[in-house]
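Take a look at the structure below.
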Amino acid sequence: MTATYALKRLAMAVPTLLLVAVAVFALLRLVPGDPAQLMLGDAADADQLAALRESMGLNHSLPVQFFNWLGAALRGDLGRSLSNDQPVLPLILERFQVTASIVLLAVALAALIAIPLGTIAAWKQNSLLDIAVVGGATLLLSIPSFWLGLLMLLFFGLKLGWVPVIGYVGFGENPWQALLYIVLPVVTLTLIETGVLTRMARSAAIDVLRLEYVAHARSKGLREFTVLRRHVLPNAFAPTLTLLGIVLGNLLGGIAVIETVFTIPGLGRLLVDGIYARDYPVVQGTMLFVAAIYVLVNLLTDLLYPFFDPRVAAE
């Protein structure tokens with residue numbers, strides 16, 4: 001990977017993040033009603049409204065509000081929560097640790113299962129094994145994550161009593177208890193994402209198996225396992241890597257449903273609670289953080305791409 005390629009991708013990320021900041025700011029301003037009035041309720045008097053509007057910077061024009069907010073965000077100041085008067089950024093980072101521990105483990109397990117499974121299905125294309133793998137992946141794709149999570153809770157939590165069904169314990173408090181609390185969310189996400197990644201890995205492997213250098217490797221007398229391991233799997237991984245980046249970015253910012261089902265105090269749950277509480281600094285800060293994480297994950301995927309795709313490295 002050349003320095004030029006890396007610098008180009010970094011340069012493209014900067015305007016993307018700026019557009020994300022504009023979009024987050026504009027979306028909240030498009031919500032009908034006065035934010036201060038919504039937060040204080042109809043019983044608030046004019047003095048209370050004026051004080052809150054001034055503290056939130058709502059008494060300035062929209063461009064001034066945006067640049068004030070953006071400047072504070074660049075300094076790491078996302079404001080203070082109106083619900084509990086805590087700084088928003090430390091609150092987000094604390095919740096993000098919970099979300100990341102679940103998402104990273106689930107995506108890693110899904111990749112370890114899906115990539116070899118998809119490659120083997122492509123190798124045995126149109127066989128009973130291939131049909132079974134494709135059918136299983138399609139079934140997993142068709143199941144809503146919240147429904148699968150509820151089934152997991154009912155069977156393993158309520159019926160068998162193997163895991164707790166409500167609450168959360170951090171790894172710093174009790175690692176074994178923490179593992180029991182996250183095992184069902186991790187298994188749920190792993191199953192759902194395995195379906196997506198298996199289909200992509202199979203499709204990419206089928207394309208690679210049709211290439212001439214694979215036929216050449218076979219003609220030299222290499223074993224099929226060696227052909228798959230040395231020639232098919234590395235070259236088929238590049239498209240799957242792109243999907244992995246998308247999946248990882250989506251899950252890091254979008255597992256609010258899973259966190260709500262399993263009562264996990266993660267980033268998605270923080271956003272949902274902020275919306276219900278009309279806590280605009282929390283909602284605005286969380287949306288910006290989620291979008292930034294998505295952009296950065298995809299930037300990292302772009303930077304890793306040349307290591308798995310020789311054509312990108314050559315360019």
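The values are calculated or read from the model by the stated rules, or taken from the named source; none is laboratory data. Please read these numbers as outputs of a predicted model, since none were measured by experiment. Using ideal geometry, Cβ is built from the backbone for each residue, glycine included, and neighbour counts are taken over all protein chains shown.
Would you confirm whether any residue within segment 209-218 is of a type in the set (D, E), assigned to a helix (DSSP H, G or I) and over 30 Å from M287 (Cβ atoms)?
Quick first cut of segment 209-218, residues of a type in the set (D, E) only: 212.
Within this subset, residues satisfying the condition of being assigned to a helix (DSSP H, G or I) are 212.
Filter once more, keeping what is over 30 Å from M287 (Cβ atoms): 212.
The answer is yes; a qualifying residue exists.
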Return the residues of segment 97-143 that are farther than 30 Å from G266 by Cβ, out of contact with any Lys or Arg (no Cβ under 8 Å at 6 or more places or on another chain) and either surrounded by 20 or more Cβ atoms within 10 Å (Cβ to Cβ) or not small (G, A, S) (or both); say none if nothing qualifies. I120, W123, K124, Q125, N126, L128, L129, I131
Answer residue from segment 41-58, given it is assigned to a helix (DSSP H, G or I) and among the aliphatic types (A, V, I, L, M) and is surrounded by the fewest Cβ atoms within 10 Å (Cβ to Cβ) among those: A46
Could you look through segment 239-276, keep only residues that are part of a loop (DSSP other than H, G, I, E, B) and touching a Phe, Trp or Tyr at 6+ places or on another chain (Cβ under 9 Å), and pick out the one that is surrounded by the most Cβ atoms within 10 Å (Cβ to Cβ)? F262
State whether one or more residues within segment 126-135 are within 30 Å of P234 (Cβ to Cβ), in a helix (DSSP H, G or I) and polar (S, T, N, Q). no
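Conditions (1) modelled with pLDDT of 75 or more; (2) within 29 Å of the chain's Cα centre (by Cα), marked per residue:
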residue: A3; (1), (2): no, yes
residue: K8; (1), (2): yes, yes
residue: P15; (1), (2): yes, yes
residue: A21; (1), (2): yes, yes
residue: V24; (1), (2): yes, yes
residue: D34; (1), (2): no, no
residue: Q37; (1), (2): no, no
residue: L40; (1), (2): no, no
residue: L49; (1), (2): yes, no
I'd like to check something: does segment 58-69 contain any residue that is small (G, A, S) and closer than 29 Å to P265 by Cα? no
If you go through segment 62-78 one residue at a time, how many are β-branched (V, I, T) and in contact (Cβ under 8 Å) with a residue 60 or more places away in the chain? 0
Given the conditions (1) surrounded by fewer than 18 Cβ atoms within 10 Å (Cβ to Cβ); (2) at pLDDT below 85, report the number of the one that F155 does not fulfil. (2)
Per the list (1) in a helix (DSSP H, G or I); (2) surrounded by fewer than 19 Cβ atoms within 10 Å (Cβ to Cβ), residue check on A291 breaks on (2)
Give the residues of segment 59-101 that are in a helix (DSSP H, G or I) and touching a Pro at 6+ places or on another chain (Cβ under 7 Å), sorted by residue number. V88, R95, V98
